[in-house]
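Read through the structure below, which is laid out as structure tokens, and then see the notes.
The values are calculated or read from the model by the stated rules, or taken from the named source; none is laboratory data. Remember, predicted model here, so these are calculated numbers, not experimental data. Because the Cβ atoms are built from the backbone with ideal geometry, glycine has one as well, and the counts that use them run over all protein chains shown.
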Amino acid sequence: MGEFKHKHSLGQNFLKDKKVLIKIIDSVDVQEDDLIIEVGPGQGALTKYLKLFHANLRCYEIDTRVKKYLDSFVDEKTQIIYDDFLNIDLKSEIKDLKYNNLYVIANLPYYITTPIIEKIINANVDVKAMVLMVQNEVADRLAAKPGSKDYGAISVLLNYYFDVNKLFVVNRSSFEPVPNVDSAVIKLAKKEEVAKVDEKELFNFVRDAFAMKRKNLRNNLKKYDLKIIETILNKYNLTLQDRAEQVSLECFIEIVNNLSK
Ligand code: SAM
């Protein structure tokens, strides 16, 4: 890697473990007429493997210093865009491209993991699956199930659109420079059917339910009709004394649908 000075502030820990790279591409079934978005190609460790799919590939990298490592990847199906992924208008960027399914596959810059995931979801671009390298603890939160201490608003929101699975843990020694946290690869696969509910109301309600982690539902949900909420909670063997971390996506949806009747 020679003279390159990694920028810690940009989350520049480059993958150097071939076995991990192979496991990442083996976890998803991309066809030649699909489109892959890669956030943060860096020096192209993952890009090189993504090219093996011969699919359309669009990579967004904020640091122009890596251009010399990435230039050789560019061809009629591969574009590298030097921009802040958080600043682009993803929907309009890809609206004229011809592709079948859309995938996001990336070893994310960890300082903006949640903003990137939220941006992709909010862009409304119909992603078939995302395979993302994230910090191990974050993977636990994103993939958490009700009743676990890691379960929070983000686990519920992701679970609304996707089946979320933590695939495998990646030791910090797989990166250069070695970060001070371990990582994990998660897969978010689009659900075939999404439950019927007003998404905005659901997301606001879930955020309120988790507003203060240590408080119970009665305290966090004071501004709502607690009688209606309690009736539904009881159906799921829960009460207002329980905390939001016990409440499943299905239960949240049923509550929100009843509150808006
Ligand atoms: N994909 C490479 C790999 O696996 O070795 C690099 C991954 S590294 C963890 C994250 C990359 O994201 C870095 O190359 C960094 O410069 C880039 N990055 C950081 N912030 C970004 C942003 N806002 N938009 C696009 N890329 C960004």
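Some points to look at:
- The residues of the range 137-152 that are buried (at least 17 other Cβ atoms within 10 Å of the Cβ) and of a type outside the set (F, W, Y), listed by number, are V138, A139, D140, R141, L142, A143, A144, P146, G152.
- Residue check for I253: touching a Cys at 6+ places or on another chain (Cβ under 8 Å) and of a type in the set (V, I, T): no
- Check on I80, within 19 Å of I186 (Cβ to Cβ) and either buried (at least 21 other Cβ atoms within 10 Å of the Cβ) or not hydroxyl-bearing (S, T, Y) (or both): no
- Odd one out for N124 among (1) surrounded by fewer than 16 Cβ atoms within 10 Å (Cβ to Cβ); (2) farther than 17 Å from A189 by Cα: (2)
- One residue alone among F203, F168 is hydrophobic (A, V, I, L, M, F, W, C), in the same structural domain as P115 (by TED's automatic domain parsing) and either in contact (Cβ under 8 Å) with a residue 24 or more places away in the chain or within 16 Å of the ligand (Cβ to nearest atom) (or both), and that residue is F168.
- Applying the criterion of at least 1 residues that are within 22 Å of Q135 (Cα to Cα), within 12 Å of the ligand (Cβ to nearest atom) and in contact with a Phe, Trp or Tyr (Cβ under 9 Å, 6 or more places away or on another chain) to the helices (runs of 4 or more DSSP H) found wholly in the range 1-114 leaves 18-26, 45-50.
- The residues listed here are S155, S148; of these, the one that is more than 16 Å from the ligand (Cβ to nearest atom) and without any contact (Cβ under 8 Å) to a residue 40 or more places away in the chain is S155.
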